[in-house]
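> A single structure is presented below for examination.
Every number here is computed from the coordinates shown, using simple stated rules; none is lab data. It should be emphasised that the depicted structure is a prediction, and the values quoted were computed from it without experimental measurement. Note that each Cβ is placed from the backbone with ideal geometry, even for glycine, and that neighbours are counted across all protein chains shown.
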Amino acid sequence: VSEPDATVGQPWHSWAASRPAFAGIHLDAAAAGRMSIAVHHAITDHLRRESKVGAYIAEDEAAAPVAAGRAALGSLLGIPTEGVAFVESATAALRSLLTAWPLPEPASVAVAPSEWGPNLRAFRMRGVDARTLPIDSNGLIDLDALPRQLATCPPSLVHVTHVAAHRGLIQPLDEIVTLCHAAGVPVWVDAAQALGHVDSVSNADAAFATSRKWLCGPRGVGVLGVAEQWWSRLQVEPLVLAPDRPVVARLESDEANIAARLGLCLAVQDYLLAGPAAVQHRLAFVGSLVRDALSTLTAWRLVPSPTSFGAIVALEPTERQDVTAERRRLLREHQILVTASQPARAPLEMTSPSLRISAHVDLTSVQLDALTRALSSSPLSRL
Ligand SMILES: Cc1ncc(COP(=O)(O)O)c(C=O)c1O
């Protein structure tokens, strides 16, 4: 983004050129990234094929790329291919886990206060008691205090939302998993904001994510991975029509949007081709550029982020602006798409709405200037 014009250097210029031009400025990858034209084609070609040869024949034909995508998704989560299931969303993955996991009665889960709100609801609905883990002043799980807490009050599992949706917070996943395993406590990971954004390979016992965010796959599809030591303990009946299906894959919906699964698999291939480390590095850089640029605003304050951040940036209003109205104003007057985050996203730590900016790798300096100007301009919509 050091370029003075609207372009970015390679390979991110190609990344931008490989998808339809956005009607404005898209700074909303944490909600849904933009699919590439190749992903569109994979989806529409498959749909056409369903009409031409029959949906189940087309599904058989798509077996090889879907198998390759399953293996690739597993490798990105640190899970063997046989432990990977395609699901409809991250939420659906968590629901499946809560049904199939051999949880004790009563069960409890320990989470950071930054936990994704709808996950807390899923735990509640399954009767799993959620309690909070000790954190440091940034909101990161306190690695010194964690062993003590696990020893004195061991939960049935620890659930980590690796990358928070509402602010730049990336939990130290490897260290958390190591400490939990040393205490005999399994770890599940919500990688919805992590996959395609930061390194999401881990030794966790289960991990799940969605296609549409940083991987820029289609909506309505996601992934769930379960580590091998749990396969024989999952409570999933064999399928009547497919008794040989691996146990984790039994969690998949049989009647599924195969075109969307194919789209996800292609998006994963795109990500692997771009190079996960290069994408992750670029996204961290993009996040730091956005933070630097927005730190000069007076009507908005950066929500503090700890030292390791990614591309999610949050702003709190300092002049009682109505965040939802401001988000609408940015779109209507400046064609800039961002998110208004409501406290329900992280009810254990958020007390008021914030504005979320989540640029992908193709952010340009011109876009960043436009955002800064738009956020500086009045009139502000006040509450
Ligand atoms: C951290 C986190 N977890 C879970 C989800 C839910 O994902 P899905 O909409 O695919 O169920 C989201 C969606 O924004 C998220 O940000």
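> Tell me whether segment 246-346 comes out rounded, prolate or oblate; compute the Cα gyration tensor, take square roots of the eigenvalues as a ≥ b ≥ c, and use a/c under 1.5 as the rounded threshold.
Values: a/c = 2.36, a/b = 1.73, b/c = 1.36.
Here segment 246-346 falls in the prolate category.
> Also: If you take the square roots of the eigenvalues of the alpha-carbon gyration tensor of segment 299-339 and sort them as a ≥ b ≥ c, do you get rounded (a/c under 1.5), prolate (a/b over b/c) or oblate? Kindly include the intermediate steps, with their values, before the conclusion.
Details: a/c = 3.49, a/b = 1.54, b/c = 2.27.
Since a/c reaches 1.5 but b/c is at least a/b, the shape of segment 299-339 is classed as oblate.
> Moving on. Residue by residue through segment 324-330, what is 3J(HN,Hα) from phi via Karplus (6.51 cos²θ - 1.76 cosθ + 1.60, θ = phi - 60°)? Round to whole Hz and write x for glycine and proline.
Couplings: 5, 5, 5, 4, 5, 5, 4 Hz.
> While we're looking at this one, here's another question. About its Cα centre, what dipole magnitude does the chain give when the only charges are +1 on Lys and Arg Cβ and -1 on Asp and Glu Cβ, stated in debye to the nearest 20? Kindly include the intermediate steps, with their values, before the conclusion.
Numbers: 32 positive and 37 negative charges, 201 e Å.
Computed charge dipole of the chain: roughly 960 debye.
> Can you show me the helix-derived [θ] at 222 nm for the chain, built from DSSP H runs with n ≥ 4 at -39,500 (n - 2.57) apiece and divided by the number of residues, rounded to the nearest 500. Mind dumping the intermediate values first?
Numbers: 12 runs with 142 residues, N = 383.
The helix-only estimate for the chain comes to -11500 deg cm²/dmol at 222 nm.
> Follow-up. If I build a Gaussian network model for the chain, linking alpha-carbon pairs within less than 10 angstrom, which residue out of THR81, THR152, THR318 has the largest mean-square fluctuation?
Looking only at THR81, THR152, THR318, the biggest GNM fluctuation is shown by THR152.
> Of the candidates PRO106, PRO317, PRO304, which one comes out as most mobile in a Gaussian network treatment of the chain with C-alpha springs shorter than 10 Å?
With Cα springs under 10 Å in the chain, the top fluctuation among PRO106, PRO317, PRO304 is at PRO106.
> Tabulate in residue order the Karplus-calculated ³J(HN,Hα) for segment 47-63, using 6.51 cos²θ - 1.76 cosθ + 1.60 with θ = phi - 60°, rounded to whole Hz; enter x for Gly and Pro.
4, 5, 5, 4, 6, 7, 10, x, 4, 7, 5, 4, 5, 4, 4, 8, 4
> Of ALA191, LEU76, MET350, which is farthest on the positive side of the dipole of the chain, counting Cα position, with +1 on Lys and Arg Cβ, -1 on Asp and Glu Cβ, and the Cα centre as origin?
MET350
> Could you tell me which of rounded, prolate or oblate describes segment 295-383, using a ≥ b ≥ c as the square roots of the eigenvalues of the alpha-carbon gyration tensor, with rounded for a/c under 1.5 and, failing that, prolate when a/b is larger than b/c and oblate otherwise? Spell out each step's value before the answer.
Numbers: a/c = 1.56, a/b = 1.07, b/c = 1.46.
In terms of gyration-tensor shape, oblate.
> So, one more: I want to verify a result. In a Gaussian network model of the chain, Cα cutoff 10 Å, which of these has the top mean-square fluctuation: LEU241, LEU368, LEU251?
For the chain, modelled as a Gaussian network with Cα springs under 10 Å, the answer is LEU241.
> Let me see the P(r) profile for segment 33-122: every Cα-Cα distance counted, bins of 10 Å, each bin given as a percent of all pairs.
P(r) over segment 33-122, rounded to whole percents: 12, 30, 34, 17, 7, 0.
> Taking R0 as 22 Å, what's the FRET efficiency between THR372 and GLN342 from their Cβ-Cβ distance, rounded to 0.05? Before the final figure, lay out the partial values.
Values: r = 24 Å, r/R0 = 1.10.
Calculated transfer efficiency: 0.35.
> Also: Calculate the dipole size of segment 305-366 relative to its Cα centre from +1 charges on Lys and Arg beta carbons and -1 charges on Asp and Glu beta carbons; express the result in debye to the nearest 20.
Values: 7 positive and 7 negative charges, 35 e Å.
For segment 305-366, the charge dipole is close to 180 debye.
> Given +1 on the Cβ of Lys and Arg, -1 on the Cβ of Asp and Glu, and no further charges, what dipole in debye does segment 1-158 carry about its Cα centre, rounded to the nearest 20?
Numbers: 12 positive and 16 negative charges, 68 e Å.
Charge dipole, segment 1-158, about its Cα centre: 320 debye, nearest 20.
> Hey, another quick one. Within the chain, what percent of beta bridges assigned by DSSP are antiparallel, to the nearest 5?
Working: 22 of 38 bridges.
For the chain, the DSSP antiparallel bridge percentage is about 60.
> Just rank ILE312, ILE57, fewest to most, by other beta-carbon atoms within 10 angstrom.
Values: ILE312 29, ILE57 12.
Final ranking by Cβ density, sparse to dense: ILE57, ILE312.
> Taking amide H positions as placed in the peptide plane 1.01 Å from N, state which residues far from ALA165 in sequence (5 or more) or on other chains have amide H under 5 Å from it.
none
> Sort THR210, THR296, THR339, THR178 so that the residue with the fewest other Cβ atoms within 10 Å of its own Cβ comes first and the one with the most comes last.
Details: THR210 28, THR296 9, THR339 22, THR178 15.
Least to most surrounded, the residues fall as THR296, THR178, THR339, THR210.
> Mind listing the Cα extents of the chain along all three principal axes, in Å, largest one first?
Between the extreme Cα coordinates on each principal axis of the chain lie 62, 60, 34 Å.
> Once phi is turned into θ = phi - 60°, what whole-Hz ³J(HN,Hα) does the Karplus curve with 6.51, -1.76 and 1.60 give for every residue of segment 178-195, x standing for Gly and Pro?
4, 5, 5, 5, 4, 8, x, 10, x, 10, 10, 10, 8, 9, 4, 9, 9, 5
> While we're on this one: Can you tell which of GLY54, LEU94, VAL39 lies farthest toward the positive end of the dipole of segment 24-94, using +1 and -1 charges on the Cβ of basic and acidic side chains (Lys, Arg; Asp, Glu)?
Checked the options; the winner is VAL39.
> How charged is the neighbourhood of ILE336? Take every other residue with its Cβ under 14 Å from the Cβ of ILE336, and add Lys/Arg as +1 and Asp/Glu as -1.
Working: positive: ARG327, ARG328, ARG329, ARG332, ARG356, ARG373; negative: ASP28, GLU326, GLU333, ASP369.
Taking every Cβ under 14 Å from that of ILE336, the sum is +2.
> What is the fewest-to-most order of GLU349, GLU333 by other Cβ atoms lying within 10 Å of their Cβ?
Details: GLU349 18, GLU333 10.
Ascending number of Cβ neighbours within 10 Å: GLU333, GLU349.
> Shifting gears a bit: Which FRET efficiency value, to the nearest 0.05, do you get for ARG332 and VAL236 by plugging their Cβ-Cβ distance into 1/(1 + (r/R0)^6) with R0 = 45 Å?
Details: r = 48 Å, r/R0 = 1.06.
Efficiency at R0 = 45 Å is approximately 0.40.
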